[in-house]
Structures are given as structure tokens and as C-alpha cells.
Amino acid sequence: PRERGWRTRYLYFFQDFWCQSTEIQSITKFQNHFQAKDTDIIIATIPKSGTTWLKALAFAVANRCRFPPSKKNHPLLTSNSHALVPFFDYTVYGGRFDHLPDFSNMVEPRLFGTHIPYHALAKSIQDSKCKILYICRNTLDTVLSSWIFLNKVKPEDLPTLTLEEAFEMYCDGKIGYGPSWNHMLGYWNESKARPEKILFLKYEDLKKDINFHVKKLGEFLGCPFTIEEENKGLIESIIKLCSFENMKELEVNKSGTFGSNFENKYLFRKAEIGDWVNYFSPSMVEKLSKILQEKLNGSGLSFELLY
Ligand code: A3P
């Protein structure tokens, strides 16, 4: 029997990244079946880096004609962004092995999410003109956010994950879809080679200037905001609709669930930059900073730990 514990639980090294056995099945189905359309929008992230936020923003921007952001019946007011922008790896290709999704009723642009690294995406995504939005976050805040989230949603038979254990798993690269530096570099390098295909974003930059980034999303997705839209306050309405403060207080996010067992409320914690200072010792910060410096060396990708 396999040992039950955080270090050994479920994780397999598959196609050069770590994932759970159930994900291997859905990722394989996705790779063999998914046919991208040029109009598709894919939101890609390493877990706990701002996925929920970017999904909401992309949905609101891309669908602003169909669903004006200030309307009382906007879908983001009654559905969690993971329901509107489903994950390939859990929802779309989840379930039984012989079950394949039917996309015939999906309205364009189709929006999907994924944690799968760039090199393991379905080939049609890489080959088509569809757009990819990637967001990452400084690793110390991501480790912290993951650690708290994992303990909230863990199966009952697993012991509480200590911060030290979570930290060491990150440093070893052994986390879902990790190593995280490979994940970030895969999308980073491709965004440099094909800037029209991948928009590489950082959580901290969005927090610093969300107005600029909402505009940028419009431009990148081929639907720039017109002067008239700007004058009507559309950008501000989108920012407000997708804000942490608004989303956290929605009934669907206070009491709803997503996937099979995750409660939406666990997706919203503090949304702060640098909360890690309250948790990590100086030696931990030094260790992870050194690892990242070494792994990202020469790539041009770096993170400020505090803003
Ligand atoms: P914290 O745990 O630091 O609070 P993901 O969506 O990838 O799971 O990332 C989760 C992190 O994003 C959590 O960070 C969460 O609080 C934050 N978050 C969720 N919704 C957000 C929003 N609308 N705006 C900004 N941050 C958000």
C-alpha cells in the first residue's frame, strides 16, 4: 500500500511536471481531444496566483457587449468565475474516461482555464491563433496562499499540512503542476517569442494598476475599449465587478461550491501583497529567493517580494 501523506500523496511526475492521478486522466483526454478555435481565450496559471480574478476580468472584458458590466443580472453576480470559465483539467475533461465534452452549444469567444504547463497544452492551442492570458505571483505569497487553501480543502484522512512542509515541497518543486519556476518559464519564454499569443501578467502589477491592465486585456484580446466606452465608465464597472471586495461578498461565493468538494469561500482570503512577511522566517525567505534566482537566472523574469 502507498503511504498516505502530503509528500507522497497522489503526485506523479508526468510529462515533466507533478500532478495527481485523476489529473493525468483528464489531461490526457484534453491533449487528445481538444480542438482550439482562433477565437478561444485560455487563462493559464499556477494554482493560487490570481486565477479566480483573471478569469472574472477576462470574462467581463470579452463579453462586455453581451453582458454590460453594470447590469444587475451580470453572470458574475450569480456565478463563480470558475463556473463561467471552466478548467480543462478538472471540469471540462474531468469525470469518466469515456466521457468527452460537447462544445456545440458554447458561445464564442469560448473561455477556458488551466493549470497545465505550456509544453503540455493540447497541440491545437499552440498551433491556433487563440489567445492565452497567463498570471503568476511572487512565490512566497503563492506558497502561503496554497498552504492555507490546501488545509481547508484537504481530504479528512490527510494530516494538517504544516507551513514548513508546504514550504519544503515548493522548494523541491514538488507541488501540483510544478516545479513552479518551470511553469512560469514555459509561458514566459513563449510570451517573448509570441507576444501576440500570450499576455504574461503578474498579480502584483494588476493590484498596482488595474485600470491599465483592464485596458490592456481589451487590446490584447482584440476588443480595445472605445473612447465612448471609457467615457461611460465601463472600465471602472469591470474593475468593481471583479474586485476582491465585491466577489467575496456575493452570495454565490459565500455559500456555493465548485468542482466536487471545494467551497467557493475558500477562494477568497486576503488578496494582499506581502502577507508572507507574517509567516516565513528570514532563512526560509533566503532559501526560496536563492532557488528562484538560480532557476530564473538569465530569463529576464524576476519578482519583487514587496511593493
Ligand atoms: P490570498 O490567499 O493571498 O488571499 P487563485 O484564484 O489562483 O486560487 O488565487 C487565490 C488568491 O487570489 C487568494 O490570495 C485570493 O484571496 C486572491 N483573490 C481571489 N479573488 C480575487 C480578486 N477578485 N481580486 C484579487 N485577488 C483575489
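The values are calculated or read from the model by the stated rules, or taken from the named source; none is laboratory data. Computed from a predicted structure; not experimentally measured. So basically every Cβ, Gly included, is an ideal-geometry build from the backbone, and we count neighbours across all protein chains shown. The area values use the complete protein model at the heavy-atom level, side chains included, leaving out ligands, DNA and RNA. Shrake-Rupley method; radii C 1.70, N 1.55, O 1.52, S 1.80 Å.
Can you confirm whether residue 263 is closer than 28 Å to residue 73 by Cβ, within 22 Å of the chain's Cα centre (by Cα) and loosely packed, with under 13 Cβ neighbours inside 10 Å? Judged against the criteria, residue 263 is not a match. Scanning the range 99-126 for residues that are small (Gly, Ala, Ser) and over 17 Å from residue 187 (Cβ atoms) yields 104, 124. Of the numbered criteria (1) in contact (Cβ under 8 Å) with a residue 60 or more places away in the chain; (2) in contact with a Lys or Arg (Cβ under 9 Å, 6 or more places away or on another chain), the one residue 235 fails is (1).
Hey, among the residues in the range 284-307 that are at pLDDT below 95 and either of a type in the set (Ser, Thr, Tyr) or closer than 26 Å to residue 79 by Cα (or both), which one's nearest to the chain's Cα centre (by Cα)? In this case the residue turns out to be 302.
Can you name every residue in the range 266-284 that is surrounded by 15 or more Cβ atoms within 10 Å (Cβ to Cβ), more than 11 Å from the ligand (Cβ to nearest atom) and in a helix (DSSP H, G or I)? Hit for the range 266-284 is 284, nothing else. If you go through the range 24-41 one residue at a time, do you hit one that is within 24 Å of residue 139 (Cβ to Cβ) and within 16 Å of the ligand (Cβ to nearest atom)? Looking for residues that are within 24 Å of residue 139 (Cβ to Cβ) and within 16 Å of the ligand (Cβ to nearest atom), one finds none in the range 24-41, hence no. Look at (1) more than 26 Å from residue 12 (Cα to Cα); (2) outside any loop (DSSP other than H, G, I, E, B); (3) not hydroxyl-bearing (Ser, Thr, Tyr) and you find that residue 103 fails only one, number (2).
If only residues of the range 106-125 that are under 20 Å from the mean Cα position of the chain (by Cα) and assigned to a loop (DSSP other than H, G, I, E, B) are counted, the one that is surrounded by the fewest Cβ atoms within 10 Å (Cβ to Cβ) is 110.
Within the range 239-257, the set of residues being more than 10 Å from the ligand (Cβ to nearest atom), of a type in the set (S, T, N, Q) and assigned to a helix (DSSP H, G or I) comprises 255 only.
Return yes when residue 96 is at pLDDT 95 or above and either open to solvent by 10 Å² or more (accessible area, probe 1.4 Å) or of a type in the set (Gly, Ala, Ser) (or both) and no when it is not. For residue 96, the condition - at pLDDT 95 or above and either open to solvent by 10 Å² or more (accessible area, probe 1.4 Å) or of a type in the set (Gly, Ala, Ser) (or both) - is not met. Quick one: in the range 126-139, of everything that is in a helix (DSSP H, G or I) and over 16 Å from the mean Cα position of the chain (by Cα), which residue is nearest to residue 84 (Cα to Cα)? Among those that are in a helix (DSSP H, G or I) and over 16 Å from the mean Cα position of the chain (by Cα), it is 126.
Residue-wise test of (1) within 16 Å of the ligand (Cβ to nearest atom); (2) closer than 22 Å to residue 155 by Cα; (3) open to solvent by 30 Å² or more (accessible area, probe 1.4 Å); (4) over 22 Å from the mean Cα position of the chain (by Cα).
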| residue | (1), (2), (3), (4) |
| --- | --- |
| 12 | no, yes, yes, no |
| 16 | no, no, yes, no |
| 47 | yes, yes, yes, no |
| 53 | yes, no, yes, no |
| 61 | yes, no, no, no |
| 64 | no, no, no, no |
| 77 | yes, no, yes, no |
| 87 | yes, yes, no, no |
| 102 | no, no, yes, yes |
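Within the range 126-164, being away from the ligand (no atom under 12 Å from the Cβ) and surrounded by fewer than 16 Cβ atoms within 10 Å (Cβ to Cβ) holds for 126, 127, 129, 154, 155, 156, 157, 158, 159, 160, 162, 164.
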